[in-house]
1. Give me the percent of accessible area attributable to carbon and sulfur for the stretch 119-239, probe 1.4 angstrom.
2. Averaged per residue, what accessible surface does the chain expose to a 1.4 Å probe, in Å²?
3. Under a cut-off of 20 Å between alpha-carbon atoms, report the lysines in cross-link reach of K115, not counting same-chain residues fewer than 8 places apart.
4. Based on Cβ point charges of +1 for Lys and Arg and -1 for Asp and Glu, what charge dipole magnitude is obtained for the chain about its Cα centre, in debye rounded to the nearest 20?
5. Report the extension gain between V121 and V101 in nm, rounded to one decimal, defined as 0.36 nm multiplied by the number of residues separating them, less their alpha carbon distance.
6. In Å and whole numbers, how far do the C-alpha atoms of the chain stretch along each principal axis, longest first?
7. Where does the Debye-calculated log10 I(q)/I(0) of the stretch 361-498 sit at q = 0.10 Å⁻¹, using only Cα point scatterers of equal weight, no solvent?
8. In the chain, which whole DSSP H runs stretch at least 30 Å along their own axis (Cα) and average 1.0 or higher on the Kyte-Doolittle scale?
Amino acid sequence: MRFFNEKAQGSPTSSLDHANDRDYPHTGEYDDDLHVECPPHTTERKLVRKIDIHVIPCLCIMYLLAFLDRVNIANANVYGLAKQLHLTGNQYNVALVIFFVPYVLFEIPSNLLLKRFKPHVWLSLNMFLFGFTTIMEGVVKNYSGQLAVRFFLGVFETGMFPGAFYLIGMWYRRSESQKRFSFFFSSTTLSGAFGGLLAAAIGKMDGVAGYAGWRWIFILEGCLTVAFSFVFFFALPDFPEESKWLTSEEKDYVSARLRVDQGRSARERQITAKDVGRVLMDYKVIAAGFMYLGLIVPAYGYAYFAPGIIKTYGYSAIQTQLHSVPPWAAAFGFAMLTATLSDITQKRAPFAIGCICVAIAGFAILITVHNNGPLEYAALFLVAMGAYSAMPIIVCWFGQNLGGHHRRSVGTAWQIGFGNIGGIIAVWAFLAKDAPKYITGYNICLAFTVLSIIACIVYGVGCWAANRRRDRTPVDIGLTEYEKTEMGDMNPEYRYLL
(Lines give C-alpha, C1' and ligand atoms only; values in the text may rest on other atoms or scores of the structure.)
Protein backbone atom coordinates (compact mmCIF):
# COMPACT_ATOMS: atom_id res chain seq x y z
CA MET A 1 0.00 0.00 0.00
CA ARG A 2 1.24 3.48 -0.89
CA PHE A 3 0.40 6.56 1.19
CA PHE A 4 0.17 8.71 -1.91
CA ASN A 5 -1.33 6.47 -4.51
CA GLU A 6 -4.02 6.62 -7.17
CA LYS A 7 -6.78 6.15 -4.66
CA ALA A 8 -5.56 9.16 -2.66
CA GLN A 9 -5.44 11.39 -5.72
CA GLY A 10 -9.00 10.67 -6.69
CA SER A 11 -12.17 11.30 -4.70
CA PRO A 12 -12.46 8.67 -1.97
CA THR A 13 -15.92 7.29 -1.29
CA SER A 14 -17.70 5.11 1.24
CA SER A 15 -18.15 5.21 4.98
CA LEU A 16 -17.33 8.38 6.91
CA ASP A 17 -17.89 6.69 10.24
CA HIS A 18 -14.41 5.16 10.34
CA ALA A 19 -12.77 8.54 9.86
CA ASN A 20 -14.77 10.08 12.68
CA ASP A 21 -14.01 7.49 15.32
CA ARG A 22 -12.51 9.44 18.23
CA ASP A 23 -10.77 6.37 19.59
CA TYR A 24 -8.33 6.51 16.62
CA PRO A 25 -9.05 3.03 15.23
CA HIS A 26 -7.58 4.23 11.91
CA THR A 27 -5.08 6.82 10.72
CA GLY A 28 -6.32 8.02 7.40
CA GLU A 29 -4.83 6.37 4.39
CA TYR A 30 -2.65 4.31 6.61
CA ASP A 31 -5.52 1.80 6.30
CA ASP A 32 -6.47 0.59 2.84
CA ASP A 33 -10.07 -0.09 3.86
CA LEU A 34 -10.74 3.48 5.05
CA HIS A 35 -12.86 5.55 2.69
CA VAL A 36 -14.65 8.85 3.06
CA GLU A 37 -18.09 9.74 1.81
CA CYS A 38 -19.06 13.31 0.98
CA PRO A 39 -22.24 14.60 2.70
CA PRO A 40 -25.28 13.93 0.46
CA HIS A 41 -26.32 17.60 0.20
CA THR A 42 -23.11 18.64 -1.58
CA THR A 43 -20.17 17.38 -3.64
CA GLU A 44 -16.46 17.45 -2.95
CA ARG A 45 -15.89 20.00 -5.71
CA LYS A 46 -18.54 22.34 -4.31
CA LEU A 47 -17.15 21.97 -0.81
CA VAL A 48 -13.60 22.72 -1.93
CA ARG A 49 -14.90 25.78 -3.77
CA LYS A 50 -16.63 26.86 -0.57
CA ILE A 51 -13.36 26.49 1.31
CA ASP A 52 -11.56 28.46 -1.39
CA ILE A 53 -13.98 31.37 -1.02
CA HIS A 54 -13.62 31.54 2.77
CA VAL A 55 -9.92 30.75 3.18
CA ILE A 56 -7.79 31.94 0.27
CA PRO A 57 -9.00 35.53 -0.41
CA CYS A 58 -8.64 36.59 3.23
CA LEU A 59 -5.15 35.17 3.57
CA CYS A 60 -4.08 36.63 0.21
CA ILE A 61 -5.23 40.14 1.09
CA MET A 62 -3.68 39.84 4.54
CA TYR A 63 -0.28 38.85 3.19
CA LEU A 64 -0.47 41.34 0.31
CA LEU A 65 -0.81 44.13 2.86
CA ALA A 66 1.90 42.64 5.10
CA PHE A 67 4.40 42.43 2.26
CA LEU A 68 3.39 45.88 1.02
CA ASP A 69 4.08 47.39 4.46
CA ARG A 70 7.38 45.53 4.60
CA VAL A 71 8.89 46.57 1.25
CA ASN A 72 7.25 49.95 0.61
CA ILE A 73 10.39 51.48 2.10
CA ALA A 74 12.02 50.82 -1.29
CA ASN A 75 9.36 52.92 -3.04
CA ALA A 76 9.63 55.58 -0.34
CA ASN A 77 13.38 55.76 -0.78
CA VAL A 78 12.96 56.65 -4.46
CA TYR A 79 11.06 59.75 -3.27
CA GLY A 80 13.84 60.84 -0.91
CA LEU A 81 13.42 59.01 2.41
CA ALA A 82 17.16 58.58 2.96
CA LYS A 83 17.88 62.19 2.05
CA GLN A 84 15.24 63.70 4.36
CA LEU A 85 16.14 61.50 7.30
CA HIS A 86 19.83 62.31 6.68
CA LEU A 87 20.81 58.67 6.29
CA THR A 88 24.46 58.31 5.38
CA GLY A 89 26.73 55.44 4.39
CA ASN A 90 25.02 52.10 5.02
CA GLN A 91 22.38 53.41 7.43
CA TYR A 92 19.60 52.65 4.95
CA ASN A 93 20.78 49.03 4.81
CA VAL A 94 20.84 48.86 8.63
CA ALA A 95 17.23 50.08 8.69
CA LEU A 96 16.35 47.23 6.35
CA VAL A 97 18.27 44.54 8.19
CA ILE A 98 16.90 45.29 11.67
CA PHE A 99 13.47 44.14 10.47
CA PHE A 100 14.77 40.58 10.10
CA VAL A 101 16.16 40.16 13.63
CA PRO A 102 12.79 39.63 15.37
CA TYR A 103 11.31 38.21 12.17
CA VAL A 104 13.76 35.29 12.33
CA LEU A 105 13.72 34.77 16.11
CA PHE A 106 9.96 34.69 16.68
CA GLU A 107 8.73 32.45 13.83
CA ILE A 108 8.34 29.24 15.87
CA PRO A 109 6.87 30.96 18.98
CA SER A 110 4.39 32.76 16.73
CA ASN A 111 3.12 29.51 15.21
CA LEU A 112 2.69 28.05 18.70
CA LEU A 113 0.67 31.12 19.71
CA LEU A 114 -1.38 30.84 16.53
CA LYS A 115 -2.57 27.44 17.66
CA ARG A 116 -3.25 28.64 21.21
CA PHE A 117 -5.20 31.82 20.38
CA LYS A 118 -6.88 30.68 17.13
CA PRO A 119 -5.84 32.05 13.73
CA HIS A 120 -8.49 34.77 13.39
CA VAL A 121 -7.47 36.31 16.74
CA TRP A 122 -3.69 36.03 16.44
CA LEU A 123 -3.35 37.01 12.77
CA SER A 124 -5.79 39.95 12.89
CA LEU A 125 -4.15 41.28 16.08
CA ASN A 126 -0.71 41.20 14.47
CA MET A 127 -2.16 42.75 11.34
CA PHE A 128 -3.50 45.71 13.33
CA LEU A 129 -0.15 46.16 15.08
CA PHE A 130 2.03 46.10 11.97
CA GLY A 131 -0.42 48.40 10.19
CA PHE A 132 -0.18 50.89 13.06
CA THR A 133 3.63 50.55 13.03
CA THR A 134 3.64 51.36 9.30
CA ILE A 135 1.69 54.55 10.00
CA MET A 136 4.33 55.48 12.58
CA GLU A 137 7.00 54.91 9.94
CA GLY A 138 5.45 57.80 8.06
CA VAL A 139 6.03 60.27 10.90
CA VAL A 140 9.55 59.35 12.03
CA LYS A 141 11.96 62.27 12.28
CA ASN A 142 15.39 60.65 12.32
CA TYR A 143 17.48 57.51 11.91
CA SER A 144 16.78 56.23 15.44
CA GLY A 145 13.04 56.46 14.92
CA GLN A 146 13.38 54.60 11.61
CA LEU A 147 15.27 51.77 13.32
CA ALA A 148 12.65 51.49 16.06
CA VAL A 149 9.66 51.20 13.73
CA ARG A 150 11.43 48.73 11.45
CA PHE A 151 12.25 46.53 14.44
CA PHE A 152 8.66 46.44 15.66
CA LEU A 153 7.41 45.91 12.13
CA GLY A 154 9.48 42.72 12.13
CA VAL A 155 8.04 41.69 15.51
CA PHE A 156 4.43 42.03 14.39
CA GLU A 157 4.86 40.57 10.89
CA THR A 158 6.74 37.49 12.04
CA GLY A 159 3.68 35.22 12.17
CA MET A 160 1.94 36.24 8.95
CA PHE A 161 3.70 34.05 6.40
CA PRO A 162 4.30 30.77 8.31
CA GLY A 163 0.94 31.10 10.03
CA ALA A 164 -0.94 31.43 6.76
CA PHE A 165 0.98 28.57 5.12
CA TYR A 166 0.35 26.39 8.14
CA LEU A 167 -3.36 27.24 8.07
CA ILE A 168 -3.73 26.50 4.34
CA GLY A 169 -2.04 23.16 4.88
CA MET A 170 -4.71 22.23 7.43
CA TRP A 171 -7.54 22.73 4.90
CA TYR A 172 -6.33 21.14 1.65
CA ARG A 173 -5.10 17.77 0.50
CA ARG A 174 -1.63 17.60 -1.00
CA SER A 175 -3.00 17.03 -4.52
CA GLU A 176 -4.95 20.32 -4.25
CA SER A 177 -2.45 22.46 -2.46
CA GLN A 178 0.15 23.84 -4.87
CA LYS A 179 -2.16 26.15 -6.83
CA ARG A 180 -3.57 27.53 -3.56
CA PHE A 181 -0.14 27.96 -2.02
CA SER A 182 1.19 29.68 -5.12
CA PHE A 183 -1.83 31.94 -5.42
CA PHE A 184 -1.40 32.92 -1.78
CA PHE A 185 2.34 33.41 -2.10
CA SER A 186 1.83 35.41 -5.27
CA SER A 187 0.27 38.03 -3.05
CA THR A 188 3.89 39.18 -2.80
CA THR A 189 4.13 39.72 -6.54
CA LEU A 190 0.74 41.42 -6.64
CA SER A 191 1.88 43.51 -3.68
CA GLY A 192 4.98 44.57 -5.61
CA ALA A 193 2.90 45.56 -8.63
CA PHE A 194 0.22 47.21 -6.50
CA GLY A 195 2.88 48.98 -4.43
CA GLY A 196 4.51 50.46 -7.52
CA LEU A 197 1.20 51.81 -8.82
CA LEU A 198 0.24 53.17 -5.39
CA ALA A 199 3.61 54.81 -4.92
CA ALA A 200 3.36 56.50 -8.33
CA ALA A 201 -0.03 57.94 -7.33
CA ILE A 202 0.71 58.76 -3.69
CA GLY A 203 3.99 60.40 -4.61
CA LYS A 204 1.99 63.20 -6.19
CA MET A 205 0.73 64.11 -2.69
CA ASP A 206 4.13 65.58 -1.90
CA GLY A 207 3.61 68.62 0.32
CA VAL A 208 0.01 67.83 1.34
CA ALA A 209 -0.47 68.78 5.03
CA GLY A 210 3.24 69.56 5.12
CA TYR A 211 4.26 65.92 4.61
CA ALA A 212 6.62 64.66 1.92
CA GLY A 213 5.27 62.15 -0.61
CA TRP A 214 7.26 59.27 0.86
CA ARG A 215 5.61 59.82 4.25
CA TRP A 216 2.15 59.53 2.71
CA ILE A 217 3.11 56.12 1.28
CA PHE A 218 3.56 54.76 4.81
CA ILE A 219 0.60 56.59 6.34
CA LEU A 220 -2.02 55.65 3.74
CA GLU A 221 -0.87 52.06 3.27
CA GLY A 222 -0.70 51.59 7.06
CA CYS A 223 -4.24 52.96 7.46
CA LEU A 224 -5.45 50.49 4.82
CA THR A 225 -3.91 47.61 6.77
CA VAL A 226 -5.45 48.73 10.07
CA ALA A 227 -8.90 48.98 8.45
CA PHE A 228 -8.67 45.45 7.06
CA SER A 229 -7.49 44.06 10.42
CA PHE A 230 -10.91 44.80 11.94
CA VAL A 231 -12.66 43.08 9.03
CA PHE A 232 -10.40 40.05 9.24
CA PHE A 233 -11.04 39.53 12.94
CA PHE A 234 -14.45 38.26 11.81
CA ALA A 235 -13.54 36.98 8.34
CA LEU A 236 -10.30 35.01 8.81
CA PRO A 237 -10.85 31.23 9.02
CA ASP A 238 -9.77 29.01 11.89
CA PHE A 239 -9.08 25.29 11.60
CA PRO A 240 -11.72 23.07 9.90
CA GLU A 241 -12.94 21.64 13.20
CA GLU A 242 -13.68 25.18 14.49
CA SER A 243 -15.20 26.79 11.39
CA LYS A 244 -18.61 28.43 11.73
CA TRP A 245 -19.52 28.33 8.04
CA LEU A 246 -19.42 24.53 7.68
CA THR A 247 -22.13 22.17 8.86
CA SER A 248 -21.15 19.45 11.31
CA GLU A 249 -21.25 16.89 8.48
CA GLU A 250 -19.02 19.08 6.33
CA LYS A 251 -16.55 19.57 9.19
CA ASP A 252 -16.31 15.83 9.69
CA TYR A 253 -15.82 15.25 5.99
CA VAL A 254 -13.13 17.93 5.58
CA SER A 255 -11.22 16.55 8.58
CA ALA A 256 -11.60 12.97 7.37
CA ARG A 257 -10.41 13.66 3.82
CA LEU A 258 -7.26 15.25 5.24
CA ARG A 259 -6.65 12.20 7.44
CA VAL A 260 -6.96 10.01 4.34
CA ASP A 261 -4.27 12.11 2.66
CA GLN A 262 -2.01 13.09 5.54
CA GLY A 263 -2.83 10.96 8.55
CA ARG A 264 -4.21 12.24 11.86
CA SER A 265 -3.17 15.75 12.83
CA ALA A 266 -3.36 15.57 16.65
CA ARG A 267 -4.64 19.16 16.59
CA GLU A 268 -5.79 19.00 20.19
CA ARG A 269 -2.33 18.02 21.44
CA GLN A 270 -0.02 20.67 22.94
CA ILE A 271 3.38 21.18 21.31
CA THR A 272 6.34 20.73 23.64
CA ALA A 273 10.03 21.64 23.54
CA LYS A 274 10.79 17.96 22.91
CA ASP A 275 8.61 18.13 19.79
CA VAL A 276 10.65 21.07 18.52
CA GLY A 277 13.90 19.21 19.17
CA ARG A 278 12.71 16.02 17.46
CA VAL A 279 11.60 17.91 14.35
CA LEU A 280 14.89 19.77 14.06
CA MET A 281 16.88 16.52 14.37
CA ASP A 282 15.55 15.43 10.95
CA TYR A 283 18.18 16.34 8.32
CA LYS A 284 15.44 16.79 5.70
CA VAL A 285 14.02 19.62 7.82
CA ILE A 286 17.44 21.30 7.89
CA ALA A 287 17.77 20.90 4.11
CA ALA A 288 14.35 22.51 3.67
CA GLY A 289 15.58 25.55 5.57
CA PHE A 290 18.50 25.92 3.14
CA MET A 291 16.16 25.50 0.16
CA TYR A 292 14.28 28.56 1.31
CA LEU A 293 17.33 30.50 2.48
CA GLY A 294 18.85 30.22 -0.98
CA LEU A 295 15.83 31.92 -2.54
CA ILE A 296 15.18 34.54 0.12
CA VAL A 297 18.44 36.31 -0.74
CA PRO A 298 17.53 37.01 -4.40
CA ALA A 299 13.87 37.54 -3.54
CA TYR A 300 14.50 40.25 -0.96
CA GLY A 301 17.37 41.61 -3.01
CA TYR A 302 14.85 42.19 -5.77
CA ALA A 303 12.04 43.44 -3.54
CA TYR A 304 14.15 46.02 -1.70
CA PHE A 305 16.47 47.18 -4.48
CA ALA A 306 14.67 46.72 -7.81
CA PRO A 307 13.22 50.28 -7.77
CA GLY A 308 16.69 51.71 -7.16
CA ILE A 309 18.20 49.47 -9.85
CA ILE A 310 15.51 50.45 -12.35
CA LYS A 311 16.12 54.11 -11.59
CA THR A 312 19.75 53.69 -12.73
CA TYR A 313 18.38 52.92 -16.22
CA GLY A 314 17.58 56.61 -16.56
CA TYR A 315 13.94 56.85 -15.44
CA SER A 316 12.35 59.60 -13.34
CA ALA A 317 10.94 58.81 -9.89
CA ILE A 318 7.38 58.23 -11.15
CA GLN A 319 8.57 56.32 -14.26
CA THR A 320 10.66 54.12 -11.96
CA GLN A 321 7.59 53.23 -9.88
CA LEU A 322 5.61 52.38 -13.01
CA HIS A 323 8.42 50.31 -14.55
CA SER A 324 8.63 48.28 -11.32
CA VAL A 325 5.12 46.89 -11.96
CA PRO A 326 5.51 44.64 -15.08
CA PRO A 327 8.16 42.25 -13.64
CA TRP A 328 5.92 41.61 -10.62
CA ALA A 329 2.92 40.97 -12.89
CA ALA A 330 4.96 38.55 -15.02
CA ALA A 331 6.11 36.75 -11.87
CA PHE A 332 2.49 36.27 -10.79
CA GLY A 333 1.48 34.74 -14.13
CA PHE A 334 4.52 32.45 -14.27
CA ALA A 335 4.00 31.30 -10.66
CA MET A 336 0.39 30.32 -11.34
CA LEU A 337 1.36 28.47 -14.54
CA THR A 338 4.05 26.42 -12.82
CA ALA A 339 1.78 25.75 -9.83
CA THR A 340 -0.97 24.43 -12.09
CA LEU A 341 1.44 22.14 -13.91
CA SER A 342 2.90 20.99 -10.60
CA ASP A 343 -0.54 20.01 -9.30
CA ILE A 344 -1.43 18.25 -12.56
CA THR A 345 1.76 16.18 -12.58
CA GLN A 346 1.95 15.84 -8.77
CA LYS A 347 5.64 16.70 -8.94
CA ARG A 348 7.41 19.44 -6.98
CA ALA A 349 11.19 19.05 -7.36
CA PRO A 350 11.42 19.45 -11.17
CA PHE A 351 9.37 22.64 -11.14
CA ALA A 352 11.23 24.12 -8.17
CA ILE A 353 14.63 23.51 -9.77
CA GLY A 354 13.40 24.66 -13.19
CA CYS A 355 12.16 27.98 -11.77
CA ILE A 356 15.44 28.53 -9.93
CA CYS A 357 17.28 28.06 -13.23
CA VAL A 358 15.17 30.86 -14.73
CA ALA A 359 16.37 33.18 -11.94
CA ILE A 360 19.96 32.06 -12.52
CA ALA A 361 19.64 33.02 -16.19
CA GLY A 362 18.50 36.50 -15.14
CA PHE A 363 21.44 37.00 -12.79
CA ALA A 364 23.87 35.75 -15.44
CA ILE A 365 22.66 38.49 -17.78
CA LEU A 366 22.86 41.17 -15.09
CA ILE A 367 26.43 40.16 -14.20
CA THR A 368 27.71 40.12 -17.78
CA VAL A 369 25.69 42.83 -19.56
CA HIS A 370 26.07 46.55 -18.82
CA ASN A 371 25.01 49.78 -20.51
CA ASN A 372 22.10 47.98 -22.16
CA GLY A 373 19.04 49.14 -20.22
CA PRO A 374 16.35 47.19 -22.12
CA LEU A 375 18.21 43.86 -21.78
CA GLU A 376 19.02 44.46 -18.12
CA TYR A 377 15.38 45.33 -17.49
CA ALA A 378 14.35 42.09 -19.23
CA ALA A 379 16.76 40.20 -16.94
CA LEU A 380 14.88 41.57 -13.94
CA PHE A 381 11.78 39.82 -15.32
CA LEU A 382 13.65 36.50 -15.24
CA VAL A 383 14.86 37.09 -11.69
CA ALA A 384 11.39 37.93 -10.40
CA MET A 385 9.68 35.13 -12.33
CA GLY A 386 12.18 32.48 -11.25
CA ALA A 387 12.57 33.38 -7.57
CA TYR A 388 8.94 34.15 -6.82
CA SER A 389 7.69 31.03 -8.63
CA ALA A 390 10.14 28.63 -6.97
CA MET A 391 9.55 29.88 -3.41
CA PRO A 392 5.89 28.79 -3.06
CA ILE A 393 6.67 25.40 -4.60
CA ILE A 394 9.48 24.82 -2.11
CA VAL A 395 7.43 25.87 0.91
CA CYS A 396 4.40 23.88 -0.21
CA TRP A 397 6.50 20.82 -1.02
CA PHE A 398 8.05 20.78 2.43
CA GLY A 399 5.00 21.90 4.41
CA GLN A 400 2.66 19.36 2.85
CA ASN A 401 5.19 16.56 3.36
CA LEU A 402 5.10 17.17 7.12
CA GLY A 403 2.53 15.02 8.90
CA GLY A 404 0.56 16.18 11.95
CA HIS A 405 -0.04 19.56 13.58
CA HIS A 406 3.08 19.52 15.73
CA ARG A 407 5.57 18.59 13.00
CA ARG A 408 3.96 20.93 10.48
CA SER A 409 3.73 23.84 12.92
CA VAL A 410 7.37 23.57 13.99
CA GLY A 411 8.73 22.59 10.58
CA THR A 412 7.12 25.38 8.56
CA ALA A 413 8.09 27.99 11.16
CA TRP A 414 11.67 26.69 11.11
CA GLN A 415 11.87 26.84 7.33
CA ILE A 416 10.50 30.38 7.13
CA GLY A 417 12.44 31.62 10.17
CA PHE A 418 15.79 30.16 9.16
CA GLY A 419 15.25 31.09 5.53
CA ASN A 420 14.64 34.72 6.40
CA ILE A 421 18.22 34.98 7.62
CA GLY A 422 18.70 35.44 3.89
CA GLY A 423 16.95 38.78 4.22
CA ILE A 424 19.81 39.99 6.40
CA ILE A 425 22.30 38.87 3.75
CA ALA A 426 20.27 40.43 0.92
CA VAL A 427 20.19 43.93 2.37
CA TRP A 428 23.99 43.95 2.68
CA ALA A 429 24.51 42.56 -0.82
CA PHE A 430 23.40 45.74 -2.57
CA LEU A 431 25.38 48.71 -1.26
CA ALA A 432 25.28 52.26 -2.59
CA LYS A 433 29.00 52.14 -3.40
CA ASP A 434 28.37 49.27 -5.87
CA ALA A 435 25.82 51.21 -7.94
CA PRO A 436 24.93 51.15 -10.76
CA LYS A 437 26.33 47.72 -11.74
CA TYR A 438 25.84 45.93 -8.37
CA ILE A 439 28.13 43.10 -9.49
CA THR A 440 28.75 41.97 -5.90
CA GLY A 441 25.04 41.80 -5.14
CA TYR A 442 24.24 39.83 -8.27
CA ASN A 443 27.07 37.36 -7.60
CA ILE A 444 25.87 36.79 -4.03
CA CYS A 445 22.31 36.17 -5.26
CA LEU A 446 23.59 33.77 -7.93
CA ALA A 447 25.56 31.80 -5.35
CA PHE A 448 22.54 31.43 -3.09
CA THR A 449 20.28 30.26 -5.91
CA VAL A 450 22.81 27.48 -6.58
CA LEU A 451 22.73 26.66 -2.84
CA SER A 452 18.95 26.34 -3.09
CA ILE A 453 19.24 23.88 -5.97
CA ILE A 454 21.72 21.77 -3.99
CA ALA A 455 19.39 21.78 -0.95
CA CYS A 456 16.45 20.79 -3.19
CA ILE A 457 18.44 17.81 -4.44
CA VAL A 458 19.41 16.78 -0.88
CA TYR A 459 15.80 17.07 0.31
CA GLY A 460 14.37 15.32 -2.75
CA VAL A 461 16.83 12.43 -2.53
CA GLY A 462 16.10 12.15 1.21
CA CYS A 463 12.35 11.87 0.56
CA TRP A 464 12.88 9.39 -2.28
CA ALA A 465 15.18 7.25 -0.13
CA ALA A 466 12.68 7.29 2.77
CA ASN A 467 9.86 6.19 0.46
CA ARG A 468 11.97 3.41 -1.01
CA ARG A 469 13.10 2.23 2.41
CA ARG A 470 9.51 2.16 3.66
CA ASP A 471 8.33 0.28 0.56
CA ARG A 472 10.69 -2.50 1.55
CA THR A 473 9.54 -2.53 5.18
CA PRO A 474 6.48 -4.55 6.29
CA VAL A 475 3.51 -2.21 6.75
CA ASP A 476 2.27 -3.74 9.98
CA ILE A 477 5.11 -3.40 12.49
CA GLY A 478 2.88 -3.26 15.56
CA LEU A 479 2.61 0.52 16.00
CA THR A 480 -0.44 1.76 17.88
CA GLU A 481 -2.58 4.52 16.38
CA TYR A 482 -1.28 6.93 19.04
CA GLU A 483 2.30 6.14 18.02
CA LYS A 484 1.51 6.66 14.35
CA THR A 485 -0.08 10.01 15.09
CA GLU A 486 2.88 11.09 17.21
CA MET A 487 5.32 10.15 14.46
CA GLY A 488 3.53 12.14 11.77
CA ASP A 489 5.46 11.83 8.51
CA MET A 490 8.07 9.67 10.26
CA ASN A 491 5.46 6.91 10.37
CA PRO A 492 6.77 4.05 8.17
CA GLU A 493 3.39 3.99 6.38
CA TYR A 494 3.73 7.63 5.26
CA ARG A 495 4.95 8.45 1.75
CA TYR A 496 6.52 11.75 0.73
CA LEU A 497 5.54 13.70 -2.35
CA LEU A 498 8.42 14.21 -4.76
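1. 77
2. Numbers: 18280 Å² over 498 residues.
Value for the chain: 37 Å² per residue.
3. The qualifying lysines are K244, K251, K274.
4. 1060
5. 4.8 nm
6. The principal-axis extents, from largest down, are 68, 46, 40 Å.
7. One equal scatterer on each Cα of the stretch 361-498 leads to -0.50.
8. Sorted by number, the helices that extend far enough and score high enough are 213-235, 283-311, 325-345, 373-401.
The values are calculated or read from the model by the stated rules, or taken from the named source; none is laboratory data. Given the structure is predicted, the values throughout are model-derived calculations rather than measurements. Using ideal geometry, Cβ is built from the backbone for each residue, glycine included, and neighbour counts are taken over all protein chains shown. The area values use the complete protein model at the heavy-atom level, side chains included, leaving out ligands, DNA and RNA. Shrake-Rupley method; radii C 1.70, N 1.55, O 1.52, S 1.80 Å.
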